[in-house]
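What follows is a set of notes on a single structure, which appears directly below.
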Amino acid sequence: MASEEASLRALESLMTEFFHDCTTNERKREIEELLNNFAQQIGAWRFCLYFLSSTRNDYVMMYSLTVFENLINKMWLGVPSQDKMEIRGCLPKLLLAHHKTLPYFIRNKLCKVIVDIGRQDWPMFYHDFFTNILQLIQSPVTTPLGLIMLKTTSEELACPREDLSVARKEELRKLLLDQVQTVLGLLTGILETVWDKHSVTAATPPPSPTSGESGDLLSNLLQSPSSAKLLNQPIPILDVESEYICSLALECLAHLFSWIPLSASITPSLLTTIFHFARFGCDIRARKMASVNGSSQNCVLGQERGRLGVLAMSCINELMSKNCVPMEFEEYLLRMFQQTFYLLQKITKDNNAHTVKSRLEELDESYVEKFTDFLRLFVSVHLRRIESYSQFPVVEFLTLLFKYTFHQPTHEGYFSCLDIWTLFLDYLTSKIKSRLGDKEAVLNRYEDALVLLLTEVLNRIQFRYNQAQLEELDDETLDDDQQTEWQRYLRQSLEVVAKVMELLPTHAFSTLFPVLQDNLEVYLGLQQFIVTSGSGHRLNITAENDCRRLHCSLRDLSSLLQAAGRLAEYFIGDVFAARFNDALTVVERLVKVTLYGSQIKLYNIETAVPSVLKPDLIDVHAQSLAALQAYSHWLAQYCSEAHRQNTQQFVTLISTTMDAITPLISTKVQDKLLLSACHLLVSLATTVRPVFLISIPAVQKVFNRITDASAQRLVDKAQVLVCRALSNILLLPWPNLPENEQQWPVRSINHASLISALSRDYRDLKPSAITLQRKVPLDDTKVIIHQTLSVLEDIVENISGESTKSRQICYQSLQESVQVSLALFPAFIHQSDVTDEMLSFFLTLFRGLRVQMGVPFTEQIIQTFLNMFTREQLAESILHEGSTGCRVVEKFLKILQVVVQEPGQVFKPFLPSIIALCMEQVYPIIAEAFGQSFLQPDIHLFKQNLFYLETLNAKQKLYHKKIFRTTMLFQFVNVLLQVLVHKSHDLLQEEIGIAIYNMASVDFDGFFAAFLPEFLTGCDGVDANQKNVLGRNFKMDRDLPSFTQNVHRLVNDLQMSVFCPAFLAQDHEGRERPKDGSLRGSELSPGDARSRRLGEWRAPAPALLLPAPQLLHWRSAKTSRRAHVPPSDQARRGGSCGSGSPRGCQPLHPSRTCRRRFPPARTWGQGRLRPTHTPARNTTLDAPCSCSRALAGSPSLRAESKLLGPGVRAPLSPRHPGHFPCWKPSGQPQFPDL
């Protein structure tokens, strides 16, 4: 006892030193190694048991519990049965004796350790495990402890980790399911008892104007008056202990509901009780009562009671998330919806004391989030199921949802509610499309709600009505979707507007257009405030209030212009004639606005607040152009009508639009405005295609601007867009005109002139000047090539799908530039960036104009490429830094693919050369890269290449090819199985399983008879008997679902083998393993031969060096016995165990242990993955010690930061990613003096 006491004091000193701020990382690693070595030895648990019962040092207790956790989860099979029985008896007694005084995180950790024992031994060897938990719950003194044990049991047994076999997992789940009805009954009883007890003693609140309000809505939502009366009862005030017990019970229910199926075990009584507690989250009066009734403790209770409501809503949402609902449970669902919407009515009730928004602001934010989650689940999963019930009023629900949405106190809450409305509108749209006969009846039912929604959403995006909230939105920082917070807000709002427009187009237009018109009048009226100054034009609005109002009006106009553009698709097609006047009104206003902005040049005007108003003016102008572009398809349909009617109105619209665009195509215009104008020009030229477009003076002006060599070039993107538009004007056939009226000769001449002007500098480049004389600097040459080829490639790409005549004219214009490109190609073969652009251009040519190029020239191009791309050049391109080189090879192969896919005999002579190139130079590189990629940690690369393999198999039967079958098939299967076992790409489990099935299905007999035994033979860490069991358990099913399930079962059991190192065909207690691999049978008697043999291998008592004057040997009478270690093992460990002293025996280093657990690194094709663990001893001094995650990594210690402080480290992480300690019998350990 004195020795144990001294060891405890020394350990406390060691732990204090470990966590001291002045302790170096090197010293911490030494302490960590020491403690890890001690923890890996059987017998250490006895001292840890003493420490737990004798110390109050949190670090020592956590370390001791971690030793138990490692023993149970990793070495339990090697622990003698008597020791197991002692542990199963001592730990629960320790918990019962000290649970009220232990820190909560130590108590939770101890509970988890006991549950781990149950996970291994219940019910065969720990038959009273669950019975004890039920008894704890039923005893008033230990109810909280029992609930903690129950929750931990649900977490650890219902969803266990990979260190259990599939059979054991299924057994545990079945055992738990057998107990569900009893458990739910106990939890219901606890909650009902607490509620009833405090309801009786609660003081009756004084009458208030709002008490007893139920109204027609409530009677509609609730099926019976008694339900309404029950839910209108005052909420009781709970004491601290009762609230704690109820919180634990609700947490248990939430986790149970996450995995148990919907069944009769979930009774109406339980659901009603949960809803009672859900009221805690939304009842403000109860929280005020706590502050009125005296002490500060009551005030704290009033603030914390919202947590009960959050937990109750978590339970409800777990039930709501289940899409598969049995028929007998639908009535329960209806009752749940009715009761929840009673709560929704309470939340959204407006009275003299509280507005809806103030009420939501006072509620717990987590409660509001849970309630929003419930509404989303209801609409997305259950609305179609519940809408048919006559007693559930959907329209009244939408009324409550409307109030709830537009009184949200936060932007995120509002976004979430908009998502719910989007789900509802999608549901309504699909319902109408499937029931066209009832369309009017359905729309009439929801019309008022939809119009109200549309109006309010439009108001919410306008500063005129919602300035305070909109100014809080960030319009600078981009999120992962490359949107600012403001853009996201506007986009989601406009999506709702568009979906309502699809359902109610007339109402939507009549709501939107007057608002748009009002803001347009403000914008068009700015001209009267423009004055001339010495430096140009200035907007003579200077008063601060006027500038603020103008800013808000311009922001609103920009938003409404986007809304108008978003609705363009609902004016075309079959409804073009019916909605023609509305669309014409919008387009005319947009044309007028764009011309107005271009003529008075508001984008260049001086303002009193240039940092605010100038961006607003630019944005309005750009949005007006974008909105007009959205109506290009409407204009195209109008063009067809105008051609038949010869109307001047259409000509005026197009001409005026061009007058608005032309001034903006200039280098002096801001890029945002310039690009908007260019996109509109492209749409007019490509989509609308009016015959008279080329004759409009404004278009002629753009032609002259682009072909003028002295004119300053636009930014690259704008230059490409304008050139595309001008080319399309000349190349695309005019609609509704016969071939003989298309004026092809004139258009061909004009197009040749355009291309000649655009490629002037490019055609002057000579290969000899580049390779020898370098007359033109290389960088300048690259700029010319980039600018020209980007334009030409875009022109070809946009004409590739058009008529033969258009493509013929295009190639005639490009012919000289194509020949120059082919001549320049060899000179730039080592410049991967230039080669990439040239190959991209040629690939576009082959896809769009290969017929026009003709066979001789195509042969010349292909032969040039084949000569240039040698194996060395391919390797150089692939190894080029960055992705450019790989793109070069990829585009080269795509060109060859286009050639090979060409029908007919034209390119047949190239087939031998192309096949030889691929088989001898390309495919070997690709095959090697494929194999190596499956050993890389990059999951995106793995997924991509797995997809390519599967695609090749689907299209070309790759797995059935003889060469793949005989040399690669089972190597790929081997690697994929190793990846599953290693858990390195768990997100792709399903895809990997399907790929393994597709490969195995080529030769199922070979897979079952040859591959599977060979694979198991190569698995480390599993003995021969277990390999036989794993092989027998793999069923020979040949359908996809069964086969993949068997694969995952095998993988799980192999993972358990790697995780738990002490595996034998029979476990160390002598229990026989049945054929399914689980443990059954009774424990052997002490006299059993196998038991005696195992006893000879029992480990000696562990020894641990502590900072004491002498080495302390931790021994006890029960564990102090010499171990008989075979000489071979002694030699392997590098030590000897003489009869006198154990000083030659050294403990197994943790890093060596880890390496023994992983298969060794090998090259691809041998089916093993490289170990990823790096031992702690290799950690640099600057890096945190590998043990620093130990305490923080424990699930029960997430709130321990106050105890440990920042940067605290602790030894022996229970789930250290690299530690797989394997107990091996050894001599008495001895540690050097530290």
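Values quoted throughout were computed directly from the atomic coordinates according to the rules given, and no laboratory measurement underlies them. Just so you know, these numbers come straight off a predicted model, no measurement behind them. Because the Cβ atoms are built from the backbone with ideal geometry, glycine has one as well, and the counts that use them run over all protein chains shown.
Here are the numbers:
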| item | result |
| --- | --- |
| Relative contact order (%) - segment 743-919, alpha-carbon pairs under 8 angstrom, separation at least six | 22 |
| Lysines with Cα under 20 Å of Lys84, excluding same-chain neighbours fewer than 8 positions away | Lys74, Lys93, Lys109, Lys112, Lys1118, Lys1224 |
| Mean separation of Cα contacts under 8 Å, 6 or more apart, over the residue count of segment 934-1057: relative contact order % | 25 |
| Charge tally in the Cβ shell below 11 Å around Phe1011, where Lys, Arg are +1 and Asp, Glu are -1, Phe1011 excluded | -3 |
| Between segment 375-425 and segment 793-840, the Cα center-to-center distance that results, in Å | 55 |
| Euclidean distance of C-alpha centroids, segment 684-701 and segment 458-473, integer Å | 40 |
| Segment 151-167 and segment 603-653: distance between their alpha carbon centers, rounded to Å | 63 |
| Inter-label distance, nm, simple model (7 Å from Cα along the C-beta direction), Asp426/Met1036 | 4.7 |
| Listed peptides 941-950, 889-898, 527-536 by packing density, highest first (mean Cβ within 10 Å) | 889-898, 941-950, 527-536 |
| Residues with amide H under 5 Å from that of His537, placed H, sequence gap 5 or more | Glu606 |
| For segment 934-1057: rounded, prolate or oblate by the Cα gyration tensor [a/c cutoff 1.5] | oblate |
| Estimated FRET transfer efficiency when R0 is 22 angstrom, pair Ala929-Thr864 (beta carbons, to 0.05) | 0.25 |
| Per-pair calculated FRET efficiency, R0 = 51 Å: Phe415 and Phe1004 via Cβ, rounded to 0.05 | 0.50 |
| Gyration tensor (alpha-carbon) shape descriptor, segment 743-919, a/c threshold 1.5 | oblate |
| Highest average packing first - 450-461, 922-933, 40-51, Cβ atoms within 10 Å | 40-51, 450-461, 922-933 |
| Calculated over segment 745-844: convex hull of Cα atoms, volume per residue (Å³) | 85 |
| Virtual spin-label span in nm between Val612 and Gln815, 7 Å along Cα→Cβ | 6.3 |
| Within straight-line cross-link reach of Lys357, lysines at Cα separation under 22 Å, skipping those fewer than 8 residues along the same chain | Lys288, Lys346, Lys349, Lys370, Lys403 |
| Where a label projected 7 Å from the Cα of Ile541 along Cα→Cβ would reach, residues of segment 458-476 with amide N under 15 Å | 463-464 |
| Additional length obtainable on full extension of the chain from Gln808 to Gln138, 0.36 nm per residue less Cα span | 232.3 nm |
| Order by protection proxy (mean Cβ within 10 Å, highest first), peptides 785-798, 65-78 | 65-78, 785-798 |
